[in-house]
Structure formats: C-alpha cells, structure tokens
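The values are calculated or read from the model by the stated rules, or taken from the named source; none is laboratory data. None of the values given here were measured: they were computed from a predicted structure. Note that we place each Cβ from the backbone using ideal geometry, even for glycine, and neighbour counts take in every protein chain shown.
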Amino acid sequence: MDVVLGIDGGGTKTACAVSRLDGTLLGLGYAGASNPLRVAGGFAGAARAVAEAIEAAMADAGLAGECGPKAHVRAVFMALGGISNDDAARRIETAAREVIGAHNVYADNDAVAALAAAVGESYGVIIIAGTGSIALACDRMGRRARSGGWGYRIGDEGSGQWLGRLGLDAVARAHDGRGPATALTARALRHFGIVSPDDLRTVLYRQPIDAHDIAGFSPEVMAAAGEGDGPALAIVRSAACELVATAIAAARQLGLGSDGTVFPVAPAGGVFSAGEIILGPFREELAACAPAASLVLPEFPPVVGAVMLALERAGAEAVAKSVAGVPGAVGAIDGVVRANLRRSWAELVSRLRTTG
C-alpha cells in the first residue's frame, strides 16, 4: 500500500497522520514537541519527536510490522514551528531522513499546513496562536509573507505564552495592590498547586525552566474571561487585537484586499479552541480593520493540512498540481480527496473518543 505522512509539530506536541493516496486517513499518532528552536537537541531532537509520532501513527493504522512497515511511504511532509527559512527546512529534512527511513521528506513552517487545512489551498492568511503565534499570507502567484513568529522573548503576541504571562501578571498586580482583584488568583493557586501568589516566584523561576509553565496557564485565562472576570476579559480582547494586527500585517505585504477583493483569514491553534470568547472579539476587530477579509473557520486541524501537502508532493492524481499554472504553488484539493479526508477524519476522531 502506498501512503503519505503528514506531520504537524510545535512547541508542545507533534501529531502525525497516515493517509492513502486518495485522502483516506488510516491512523493518527502523537509525540512531544518538535520545534527545533525549543526542544533539547535542536534539529536532531525535533527529528526524534517526528519519528516517535510516525511510529505511533503507523501502529494506529495497523501498518507497523515486526519486520518493518507494511506500507510504502511516498512522501512525508513536516509542518513544524521554528522552520523560518530554507536552511532550517533543509536541516530538519536531513535530520529526519536519518531517523525515519524515508527519502521523500519535506519541511516547511507549520503555518503552511494550517492554511491548507483551513482553505484547501495556499491562498489567504492563516493566523496561528498556539504556544507561540505567527501569520502567513499567500497570494495567487505563490508569493508568501509572514508576520510575527518572533518567539516569546520579543513577540508571540496573542499566543498561549503571551496570554499566560499577562494572566499571571494580573495575579501579581492584584496581590501587590497595583491592579484590581481577579478570579485568576484562585485559578493560579489551584493550577500551580501553591498556597500564595508569593509562591509563583519559586514555580516560575525554578531551574531548569519549563517553557510550558506559563503557556499552560492560558486556558485558565480563557475560562476566567468566559465567567466575566474583568482583567481576564481585557487580556483576551487585547489578544484578539494583537492577532488581527499580525494577520493583517502579513496580508498587506502582498497587497491582499487592497483592490477590495475578498480574501480568507483563518484562525488556528490552541488559543482559538476556546471558541467564541476569543473568536468573537477577533471577528469584530477583523471586520473593523480589514473589510475585505473573510473569516474562515478551519474544517480540519493542521495535521490534515500536512497530509494535503504530502499528497501534493507525492503527485497524487486527485490533487490539483498548481494554481493558475504557477510552479510550486499548492493547488486546491480535489473534491473527492477532500470528501475522503472529511469522512475518514470524523472516523478517526470517533475512534479516539471511543478508545479514550
């Protein structure tokens, strides 16, 4: 059996999906973080996480045999956070080939897969807010522009890391009397297992530092905002504004919408999984700042977008090969393939829920 592998990896986890060439998804597997800028071992460490996710996905698909895989891998597409240029892509491709036993291995930034998953082609803007944040814009000529993605030290506005940091900042301010009381205080004590906000110093500055300690608090910020907590609501609204600004900055670099032509803007990443508490202010800010932008909610997660890109690289017949004859531009996914992806993704999700 010929299959392709799509991988979506970032600063928290790595997902891999196995698909036949007709878009039928067969298995799904997970591993730890694979952003080479954030994992121990850099590119080699990221490649190991990719290999672990592939192994889990192949086992889930029933294609892992004692004497080796029971399928021929036509293409592997890795959509990873931290891949910001061609050199980084080549380095992770080389590292991955050494550990996964496949030759047709391709890598790009995770935003590319998220856009494909949302729109079905490489056109429009994807704004990703996960552990970090970044926007990628693509036009009909295959040109790209990005905004954000500067990392938590000098950027990542609107990301889980950013939300968590501002949430804990609100807790510190409330404790000192520099800011209003907030429900985030009780949530921080419970989340970190401490008895006083003073203990946050011990948790957040311990060595070695866990980069996810702060980002892990972002769901608490969303939950408090959903309950009407003033400081939390202000943080979430600010995040929405920052994410819109990041998306529109990428679009303007390519002139998207400058002539009034509508273009899609798709949100992706864990931050947006909070639903209307973030999507509502994001939608309002987008309409105010970019009237030509059309909010498109992704039908699939980024790992399925990575499968789409792997199918394109594998030369699957049902995948359009280009946009308007532009070499290298990823075409729209054929209707049959998209239908197979939709059906089989629903089946995979249902199976995972059943098995726990």
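Matching residues to (1) within 16 Å of Ala111 (Cα to Cα); (2) modelled with pLDDT under 90; (3) touching an Asp or Glu at 6+ places or on another chain (Cβ under 8 Å):
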site: Thr12; (1), (2), (3): yes, yes, no
site: Tyr30; (1), (2), (3): no, no, no
site: Val39; (1), (2), (3): no, yes, no
site: Ala49; (1), (2), (3): no, no, no
site: Pro69; (1), (2), (3): no, yes, no
site: Phe77; (1), (2), (3): yes, no, yes
site: Glu93; (1), (2), (3): no, no, no
site: Arg97; (1), (2), (3): no, no, no
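Name the single residue that is surrounded by the fewest Cβ atoms within 10 Å (Cβ to Cβ) among those in region 224-267 being part of a helix (DSSP H, G or I) and among the charged types (D, E, K, R).
The initial filter retains those residues of region 224-267 that are part of a helix (DSSP H, G or I), namely 224-226, 230-254.
Next, from what is left, pick out any that are among the charged types (D, E, K, R): 237, 242, 252.
Numbers: Arg237: 18, Glu242: 21, Arg252: 15.
Checking each candidate, the answer is Arg252.
Counting only residues that are surrounded by fewer than 20 Cβ atoms within 10 Å (Cβ to Cβ) and touching a Ser or Thr at 6+ places or on another chain (Cβ under 9 Å), which one in region 115-149 is nearest to Glu242 (Cα to Cα)?
Checking each candidate, the answer is Arg146.
Take the residues in region 19-33 that are within 29 Å of Ser159 (Cβ to Cβ) and among the hydrophobic types (A, V, I, L, M, F, W, C), then tell me which one is farthest from the chain's Cα centre (by Cα).
Residue satisfying both the conditions and the ranking: Leu25.
Mind checking which pairs have a first residue in region 94-106 that is closer than 11 Å to Val50 by Cα and a second that is surrounded by 14 or more Cβ atoms within 10 Å (Cβ to Cβ) and of a type outside the set (Val, Ile, Thr), Cβ under 6 Å, 6 or more apart or different chains?
Short answer, once both residue conditions are applied: Ala95/Phe43; Ala95/Ala44; Ala95/Ala47; Ala96/Ala47; Val99/Ala47; Val99/Ala51; Ile100/Ala51.
With the checklist (1) surrounded by fewer than 24 Cβ atoms within 10 Å (Cβ to Cβ); (2) closer than 20 Å to Trp150 by Cα in hand, flag the one item Gly41 doesn't pass.
Gly41 satisfies every listed condition except (2).
For region 150-181, which residues satisfy the criterion of being crowded, with 16+ Cβ neighbours inside 10 Å, assigned to a loop (DSSP other than H, G, I, E, B) and of a type in the set (D, E, K, R)?
Matches in region 150-181: Asp156, Glu157.
Farther than 21 Å from Gly32 by Cβ, hydroxyl-bearing (Ser, Thr, Tyr), in a helix (DSSP H, G or I) and at pLDDT below 90: does that describe Thr185?
When the stated conditions are applied, Thr185 does not pass them.
Are any of the residues in region 241-258 modelled with pLDDT under 95 and farther than 30 Å from Leu28 by Cα?
Filtering region 241-258 for residues modelled with pLDDT under 95 gives 257-258.
Those still in the list that are farther than 30 Å from Leu28 by Cα too: 257-258.
Yes: region 241-258 contains one or more residues that are modelled with pLDDT under 95 and farther than 30 Å from Leu28 by Cα.
For region 302-322, check the following and say yes or no: at least one residue is surrounded by 13 or more Cβ atoms within 10 Å (Cβ to Cβ), under 26 Å from Thr246 (Cβ atoms), at pLDDT below 90 and touching a Lys or Arg at 6+ places or on another chain (Cβ under 7 Å).
Within region 302-322, not a single residue is surrounded by 13 or more Cβ atoms within 10 Å (Cβ to Cβ), under 26 Å from Thr246 (Cβ atoms), at pLDDT below 90 and touching a Lys or Arg at 6+ places or on another chain (Cβ under 7 Å).
Where in region 4-119 are there helices (runs of 4 or more DSSP H), lying wholly inside it, with at least 3 residues that are under 21 Å from Ser344 (Cβ atoms)? Quick ask: steps written out before the conclusion?
Working: elements: 42-60, 86-100, 110-119.
The qualifying helices (runs of 4 or more DSSP H) are 42-60, 110-119.
Spot the failing condition for Asp210; the list is (1) part of a loop (DSSP other than H, G, I, E, B); (2) over 23 Å from the mean Cα position of the chain (by Cα); (3) at pLDDT below 95, and only one is missed.
Status for Asp210: all satisfied but (2).
State all residues of region 160-211 that are more than 19 Å from Gly226 (Cβ to Cβ), among the polar types (S, T, N, Q) and in contact (Cβ under 8 Å) with a residue 24 or more places away in the chain; if no residue qualifies, say none.
Hit for region 160-211 is Gln161, nothing else.
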